[in-house]
Structure formats: C-alpha cells, structure tokens
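The values are calculated or read from the model by the stated rules, or taken from the named source; none is laboratory data. Because the structure is predicted, anything quoted here is derived from the model rather than measured. Don't worry about glycine lacking a Cβ; one is built from the backbone with ideal geometry, like all the others, and counts go over all protein chains shown. Keep in mind that these areas ignore ligands, DNA and RNA; they rest on the heavy atoms of the full protein, side chains included. Shrake-Rupley method; radii C 1.70, N 1.55, O 1.52, S 1.80 Å.
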Amino acid sequence: MPWPGRVPAMSMDFDALIAWLDGHVGQRVFAATQSASQDAGNTRLSVVGALARAEGEITLIDARPGRIEAFSVGDATLVLLEGDFLDASPIDFGAGRPQMVQAEFHGAVSVTVGEAPG
C-alpha cells in the first residue's frame, strides 16, 4: 500500500542509487536495514548522522562480482555491493519534505536512506 502523499517512484539502477547518495554527502541522514523475509524477526539496524564516503579497506568473503560502494552514516559504515543489488526507488513526499531512497538486495535485505531533521 503506498504511503499517503507519496509521489509514484521510478525504478533506479545501482548507478542512480549511488548518485543519490553522493548528492546527499555532508547532509544529516538516517539509514535503516531490514529483511523482507517473512521469518526475519525484529532484528534491525538504524543509524543517524552525517553521510560521507567511507575511508579505509573493506574485506568481503565470496562477494558477487561488481563494485563495492561504502558510505559512513555517523559512526556506522554502510557497504553496498553492486552484485547484490536488485532494485531501488526514490520516495518523494513533495516539495519541502524529506526525501528517501529504498533499495532491495539479494537475501531479502532492504536498505532505506533518507534526509533526517537537524
């Protein structure tokens, strides 16, 4: 069911998702992850802070081929793998309201990043 006031979103590819995030670098955002699996339980991650490109080395085990893009949100690191990416869409509540993007990844993982109030 769509959220009230939400403008229908266009599908984004991985490049558009990263461009959206790069366009918000330096801004205060929230990032939340959750599983779309029916038996996912209540385990979640939610952080708030300034969005930046993450510095340092990231080691992955048996990662699917593709780019690895890393951002920091406050003290947390958000690692996005192109090989795990399925789809993303912006969420637009209208002019003057916070903007968000929601991305879906293999393993029924959903990542939402949005502008957070200061």
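Can you tell me which residues in the stretch 64-103 are in contact with a helix residue (DSSP H, G or I) (Cβ under 9 Å, 6 or more places away or on another chain) and of a type in the set (S, T, N, Q)?
If the condition is that a residue be in contact with a helix residue (DSSP H, G or I) (Cβ under 9 Å, 6 or more places away or on another chain) and of a type in the set (S, T, N, Q), then 99 is the only one that fits.
So is residue 48 open to solvent by 60 Å² or more (accessible area, probe 1.4 Å), in contact with a Lys or Arg (Cβ under 8 Å, 6 or more places away or on another chain), in contact (Cβ under 8 Å) with a residue 12 or more places away in the chain and assigned to a strand (DSSP E or B) or not?
Numbers: open to solvent by 60 Å² or more (accessible area, probe 1.4 Å): yes; in contact with a Lys or Arg (Cβ under 8 Å, 6 or more places away or on another chain): yes; in contact (Cβ under 8 Å) with a residue 12 or more places away in the chain: yes; assigned to a strand (DSSP E or B): yes.
Judged against the criteria, residue 48 is a match.
To keep it simple, each residue is scored yes or no on (1) free of Cβ contacts under 8 Å to residues at least 60 places away in the same chain; (2) open to solvent by 60 Å² or more (accessible area, probe 1.4 Å); (3) assigned to a helix (DSSP H, G or I).
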position	(1), (2), (3)
52	yes, no, no
55	yes, yes, no
60	yes, yes, no
65	yes, yes, no
69	yes, no, no
80	no, no, no
88	no, no, no
91	no, no, no
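If I ask for residues that are among the hydrophobic types (A, V, I, L, M, F, W, C) and open to solvent by less than 50 Å² (accessible area, probe 1.4 Å), which ones from the stretch 32-45 would you list?
Let us first name the residues in the stretch 32-45 that are among the hydrophobic types (A, V, I, L, M, F, W, C), namely 32, 36, 40, 45.
Across the stretch 32-45, the qualifying residues are 32, 40.
Do we have any residue at all in the stretch 8-15 that's under 14 Å from the mean Cα position of the chain (by Cα), surrounded by 13 or more Cβ atoms within 10 Å (Cβ to Cβ) and not in a helix (DSSP H, G or I)?
There is at least one residue in the stretch 8-15 that is under 14 Å from the mean Cα position of the chain (by Cα), surrounded by 13 or more Cβ atoms within 10 Å (Cβ to Cβ) and not in a helix (DSSP H, G or I).
Can you name every residue in the stretch 93-107 that is more than 19 Å from residue 22 (Cβ to Cβ) and open to solvent by 40 Å² or more (accessible area, probe 1.4 Å)?
Applying the first criterion (more than 19 Å from residue 22 (Cβ to Cβ)) to the stretch 93-107 yields 93-97, 104, 106-107.
Residues satisfying the conditions are 93, 95, 96, 97, 104, 106, 107.
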